[in-house]
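The values are calculated or read from the model by the stated rules, or taken from the named source; none is laboratory data. Please read all numbers here as calculations on a predicted model, not as lab measurements. With ideal geometry, Cβ positions are generated from the backbone for all residues, glycine too; neighbour counts draw on all protein chains shown. Only protein heavy atoms, including side chains, enter the accessible area calculation; ligands, DNA and RNA are left aside. Shrake-Rupley method; radii C 1.70, N 1.55, O 1.52, S 1.80 Å.
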Amino acid sequence: MPLSRRSVALLGATGSIGVQTLDVLRHESERFELVSISGGEQLSELAAIADEFNVKRVAVKSDAHRSTLGELVARDVSIVVGDEGLSELSSTADVVVNAVLGFAGLPITLAALGAGKRLALANKESLIAAAPLVTTVRDTRGAQLVPIDSEHCAIHQCLASSPAEPGYPDVRRLLLTASGGPFRGWSREQLRDATKADALRHPTWSMGAKITVDSSTLMNKGLEVLEATALFGIDAERVKVVVHPQSIVHSMVEYVDGSVLAQLSRPDMRLPIAYCLGLPQRLTHHWGDLDFTTSMELRFEPPDEEAFPALGLAYEAARLGGAAPAWLSAANEVAVEAFLADEIRWCDVVAIVASTMEHYVADPLTSLAALHENDEAARRWARASLEK
Ligand code: NAD
Ligand code: MG
């Protein structure tokens, strides 16, 4: 039976995930109607998307952006501004794709779930920071949280046949795969001289700059451990990281009977995006399949936690709970931004996160106001350690 046409809000439409979502939507115009979009600084791209898809509403960051965009779009669209604008667009479409970068994606996550919508979540930072608050809004009638992040999307698929009992008692472990990034196999000494160009050269995925740097430090995998605990309600001790350089196995679930289920595909984010949009139906993929007619090797190895201390920091943040993951993610955002602006070296990035975490004071995180206070405090400490 065909799906009825679903309305889609794509927030962060001009970024790497945003552009790939548009690719999927171009092929699926009979099933989905793109009604709302947002973007940060790339206003001419945003205007082009608004015109191509005939969108009704656009969210931008500021009043100045609103006037510029108003001049760029050929048609009449309603332009909303700031966090309120993002929240408004997130509560009015059937499916909300959160493809905004960083903590700035928080209003989308909270508004979409709070309005009982399907949230197709790429923006891991908001879920990691606000996990205790998201648990509450997730119970809203109709709300559905489906992960675009390829590892979590793989796990979502591998868990599909499991009874959805809290804590998944049938599951022994979630096995998150990691490509290992551009510095896999580098020693601590070699890593001291790692450059920005090296860090931005990801071996298997083409992504936005921040997540590419996170992949080079393995902080991305650390964040994904926290993301997995928040999404599936499974303690971090039951989430293990396995390095798999080919990025073909996107993650695995090990059951108590010793059986391991894996999800495989070419490394292409349009697959998890399509999965999240189409669920429970599968959408046809147009971008090439895995080729089993030629030989292919799948390799697995343990991560080097000594050379990449970000993983240990993430497990520690998971153990501390409360606002600790919010601190880790905020400090990392500050450090990565400074690295991309050539203010610090690659090896300083995780060191700054570590020294920020030393100032964390336990907070169970029971309100949005507390989350904002914690986020600001972590950023202040991270900036202070940048100056050291
Ligand atoms: P990107 O930098 O390419 O795009 C980010 C988008 O967010 C852009 O549209 C940008 O204009 C917008 N944006 C940035 N800052 C903003 C702000 N302060 N306010 C409003 N809008 C803002 O990033 P990306 O690589 O597409 O990643 C987006 C999210 O998806 C991240 O959370 C990332 O971790 C996650 N993710 C990305 C990939 C990938 O393959 N790129 C894979 C898994 C998860
Ligand atoms: Mg991922």
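What size of dipole, in debye to the nearest 20, comes out for the stretch 321-388 about its Cα centre when the only charges are +1 on Lys and Arg C-beta atoms and -1 on Asp and Glu C-beta atoms?
Values: 5 positive and 11 negative charges, 23 e Å.
It works out to roughly 100 debye.
Using packing as a proxy for protection, rank 265-273, 366-374 so that the peptide with the highest average count of other Cβ atoms within 10 Å comes first. Let's see the in-between values first.
Working: 265-273: 20.9, 366-374: 15.0.
So the order, starting with the most tightly packed, is 265-273, 366-374.
Could you check which residue among Pro182, Pro203, Pro303 shows the biggest mean-square fluctuation in a GNM of the chain with a 10 Å Cα cutoff?
The residue with the greatest mean-square fluctuation here is Pro203.
Starting with the highest mean, order 323-330, 278-285, 55-62, 334-341 by the number of other Cβ atoms within 10 Å, averaged over the residues of each peptide. Provide the component values of the computation, followed by the final result.
Numbers: 323-330: 28.1, 278-285: 13.1, 55-62: 21.6, 334-341: 19.9.
Going by the mean number of other Cβ atoms within 10 Å, highest first, we get 323-330, 55-62, 334-341, 278-285.
Please name which of Phe103, Ser44, Val60 has its Cα lying farthest along the dipole of the stretch 6-147 towards the positive end, using unit charges on Cβ (Lys, Arg +1; Asp, Glu -1) and the Cα centre as origin.
The one lying farthest along the dipole's positive direction is Phe103.
At q = 0.20, 0.22, 0.26 Å⁻¹, what is the log10 ratio I(q)/I(0) for the stretch 241-314, with the Debye formula run over Cα points and no solvent?
-1.08, -1.14, -1.21
Could you run the Karplus curve 6.51 cos²θ - 1.76 cosθ + 1.60 with θ = phi - 60° over the stretch 343-354 and give me ³J(HN,Hα) per residue in whole Hz, x for Gly and Pro?
8, 9, 8, 4, 6, 7, 4, 6, 4, 5, 5, 4
Going by amide H atoms built from the backbone, whose H comes under 5 Å of the H on Asp268, apart from near neighbours?
HN-HN under 5 Å from Asp268: empty list.
Go through the stretch 9-14 residue by residue and turn each phi into a ³J(HN,Hα) via Karplus (6.51, -1.76, 1.60, θ = phi - 60°); whole Hz please, and just put x for glycine and proline.
So the J values, rounded to whole Hz, are 10, 10, 9, x, 5, 8.
Please state the charge dipole magnitude for the chain, taken about the Cα centre, from unit charges on C-beta atoms (+1 on K and R, -1 on D and E), reported in debye and rounded to the nearest 20.
560 debye
Averaged per residue, what accessible surface does the chain expose to a 1.4 Å probe, in Å²? Write out the running numbers ahead of the final one.
Numbers: 16820 Å² over 388 residues.
Dividing the accessible area of the chain by its residue count gives 43 Å².
Just to verify a number: FRET efficiency for Glu358 and Ser7, C-beta to C-beta distance, R0 = 45 Å, to 0.05?
Working: r = 46 Å, r/R0 = 1.03.
Result of the calculation: an efficiency of 0.45.
With the cut-off at 28 Å, tell me which of the pairs Lys56/Lys210; Lys61/Lys117; Lys124/Lys240; Lys210/Lys240; Lys196/Lys388 have Cα atoms farther apart than that. Spell out each step's value before the answer.
On the way: Lys56/Lys210 30 Å; Lys61/Lys117 23 Å; Lys124/Lys240 18 Å; Lys210/Lys240 23 Å; Lys196/Lys388 21 Å.
Cα-Cα > 28 Å for Lys56/Lys210; rest within.
Give me the one-decimal nm value for the distance between modelled label points at Glu306 and Arg192, 7 Å along each residue's Cα-to-Cβ direction.
My value for the distance between the label points is 1.6 nm.
With each label point set 7 Å from Cα along the Cα-Cβ vector, what nm distance links Glu343 and Leu320?
For the pair Glu343/Leu320, the computed spacing is 2.1 nm.
Gain in length, Thr294 to Glu71, computed as 0.36 nm per residue apart minus the alpha-carbon separation, to one decimal in nm?
Values: separation 223, 0.36 × 223 = 80.28 nm, distance 5.24 nm.
Roughly 75.0 nm would be gained on extension.
For the stretch 321-388, treating each Cα as an identical point scatterer without solvent, what Debye log10 I(q)/I(0) comes out at q = 0.16 1/Å?
Debye output, listed in q order: -0.47.
Show me the three semi-axes of the equivalent ellipsoid for the stretch 175-215, from the C-alpha gyration tensor (sqrt of 5 times each eigenvalue), largest first, rounded to whole Å. Please list the in-between numbers first.
Values: eigenvalues 59, 39, 12 Å².
Calculated on Cα positions only, the semi-axes equal 17, 14, 8 Å.
How far apart, in nanometres, would the label points at His372 and Arg238 be if each is projected 7 angstrom from Cα along the Cα-to-Cβ direction?
The modelled label-to-label distance comes out at 3.6 nm.
Distance between the C-alpha centers of the stretch 262-299 and the stretch 50-102? Whole Å please.
30 Å
Arranged from highest to lowest average of other beta-carbon atoms within 10 Å per residue, in what order do the peptides 141-148, 207-214 appear?
Numbers: 141-148: 17.4, 207-214: 21.0.
So the order, starting with the most tightly packed, is 207-214, 141-148.
Under a Cβ-Cβ cut-off of 9 Å, what is the net charge of the residues other than Lys124 that fall near it, where Lys and Arg count +1 and Asp and Glu count -1?
Working: positive: none; negative: Glu125, Asp149, Glu224, Glu227.
So the surrounding residues net to -4.
With unit charges on the beta carbon (Lys/Arg positive, Asp/Glu negative), name the residue among Pro169, Gly322, Ala351 whose Cα is farthest towards the positive pole of the charge dipole of the chain.
Pro169
Might you report the magnitude of the Cβ-based charge dipole of the stretch 217-345 about its Cα centre, with Lys and Arg at +1 and Asp and Glu at -1, to the nearest 20 debye? Provide the component values of the computation, followed by the final result.
Working: 9 positive and 19 negative charges, 79 e Å.
My answer is approximately 380 debye.
Please give the net charge around Val260, taking every other residue with its beta carbon less than 12 angstrom from that of Val260, where Lys and Arg add +1 and Asp and Glu add -1. Write down the numbers at each step before the final one.
Numbers: positive: Arg172, Arg173, Lys240; negative: Glu254, Asp257.
Overall, the nearby charge balance is +1.
Relative contact order of the stretch 149-316, please, whole-number percent, based on alpha carbon pairs below 8 angstrom and at least 6 residues apart.
On the way: 238 pairs, mean separation 54.5, N = 168.
Value for the stretch 149-316: 32 percent.
Please report the net charge: other residues with Cβ closer than 10 Å to the Cβ of His152, K and R +1, D and E -1.
Numbers: positive: Lys124; negative: Asp149, Glu151, Glu224, Glu227.
Neighbourhood net charge equals -3.
Bin by bin, in steps of 20 Å, what percent of the Cα pairs in the chain do you find, going until the bin that has the longest distance?
All Cα pairs considered, the percentages come to 28, 61, 11, 0.
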